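A.B. asks: Here it is, the structure, as structure tokens.
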Ligand code: TMP
């Protein structure tokens, strides 16, 4: 049985990741391509409980280190319980976020915001341990100017949301961090997330097909 492929989706808030994931899963279904879909943080019973802690406003005082380790802990469970067994069975695995999210959010972007450096290596090391070095075959990075992402969010409901709450400089740091990662790692394919969802979807399919063979 050949090893299955591992595809991940990444992107900042408001880049349309959820919409594109839904369209991609629909594509797989339409073309009868067997797959499993999972998300981070979560995807397992234990991971979902860790997710609740990470998202709980009562845990707002959480230390950066604690946060990074909790994301890695949820990922360790997901890698062993779901992803590895599925890949060993030859299945295609699609995951909403993976280690790159931690490298960006807990590492590069946080360092940019605080004018410091050095977190990336620590985050990488912890996650290499947590995942046993499980790296996606291809990572779709949805890239959009944060000003446009904010515009989209505003036009959706007309009031400040969680995207605006964090501030544009934070979202710029996230974008810059993702793009610097993509420059260094060939598996990370930057997809222009501007324009109508169907047009972005066509770019996503193109990028995936250039990297891995997805067939029935
Ligand atoms: P999402 O539901 O839009 O994907 O957002 C999940 C949030 O969790 C997003 O703000 C990024 C954050 N996150 C991290 O900070 N580190 C991680 O490792 C993961 C998986 C998510």
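A.B. asks: Can you give me the relative contact order of region 6-211 as a percent, contacts being Cα pairs under 8 Å and 6 or more apart?
C.D. replies: The value is 30 percent.
A.B. asks: Using the count of nearby Cβ atoms within 10 Å as a rough guide to exposure, how do 113, 65, 87 rank from fewest to most?
C.D. replies: Ranking 113, 65, 87 by Cβ neighbours within 10 Å, fewest first, gives 65, 113, 87.
A.B. asks: A further question follows. Packing-wise, with mean Cβ within 10 Å as the measure, how do 141-148, 195-202, 55-62 rank, highest first?
C.D. replies: In decreasing order of mean packing, 141-148, 195-202, 55-62 become 141-148, 195-202, 55-62.
A.B. asks: Can you pull the one-decimal nm distance between simple spin-label points at residue 198 and residue 22, each 7 Å off the Cα toward Cβ?
C.D. replies: 1.6
A.B. asks: Show me the ranking of peptides 122-130, 181-189, 2-10, 71-79 by mean Cβ neighbours inside 10 Å, starting with the highest.
C.D. replies: In descending order of packing, they fall as 71-79, 2-10, 122-130, 181-189.
A.B. asks: Further question: Roughly how large, in nm² to one decimal, is the mean projection of the convex hull of the alpha-carbon atoms in the chain?
C.D. replies: 12.0
A.B. asks: Which order results if 110, 91 are arranged by neighbouring Cβ count within 10 Å, fewest first?
C.D. replies: Values: 110 21, 91 18.
Arranged by neighbour count, lowest to highest, 110, 91 become 91, 110.
A.B. asks: Moving on to the next point. Tell me the label-point distance for the pair residue 184, residue 121, using the 7 Å Cα-to-Cβ offset, in nm and rounded to one decimal.
C.D. replies: Here the answer is 1.1 nm between the modelled labels.
A.B. asks: Given the DSSP H assignment, sum -39500 (n - 2.57) over each helix run of at least 4 residues in the chain and divide by its residue total; what's the result at 222 nm in deg cm²/dmol, nearest 500?
C.D. replies: Working: 11 runs with 117 residues, N = 216.
That comes out to -16000 deg cm²/dmol.
A.B. asks: Quote to one decimal, in nm, the extra length available between residue 129 and residue 56 on full extension: 0.36 nm per residue of separation minus the C-alpha distance between them.
C.D. replies: Gain on extension, residue 129 to residue 56, equals 23.7 nm.
A.B. asks: Given a Förster distance of 41 Å, report the FRET efficiency between residue 64 and residue 32 from their Cβ-Cβ distance, rounded to the nearest 0.05.
C.D. replies: 0.40
A.B. asks: Which whole-angstrom value gives the distance between the alpha carbon centres of region 118-150 and region 10-40?
C.D. replies: What the calculation gives is 17 Å, centre to centre.
A.B. asks: Something else now. To check my understanding: the extent here is largest minus smallest coordinate of the Cα atoms along each principal axis. What are those three numbers for region 1-80, in Å, largest first?
C.D. replies: Principal-axis extents of the Cα atoms in region 1-80, largest first: 46, 33, 18 Å.
A.B. asks: What number, in percent, do you get for the relative contact order of region 22-112 if the mean sequence gap of Cα pairs under 8 Å and at least 6 apart is divided by its residue count?
C.D. replies: With pairs under 8 Å counted, the relative contact order is 38 percent.
Only the coordinates and a few stated rules stand behind these numbers; no lab work does. Since the structure is predicted, the reported quantities are computational estimates derived from the model, not experimental observations. Please note: Cβ atoms are built from the backbone with ideal geometry, for glycine as well, and neighbour counts cover all protein chains shown.
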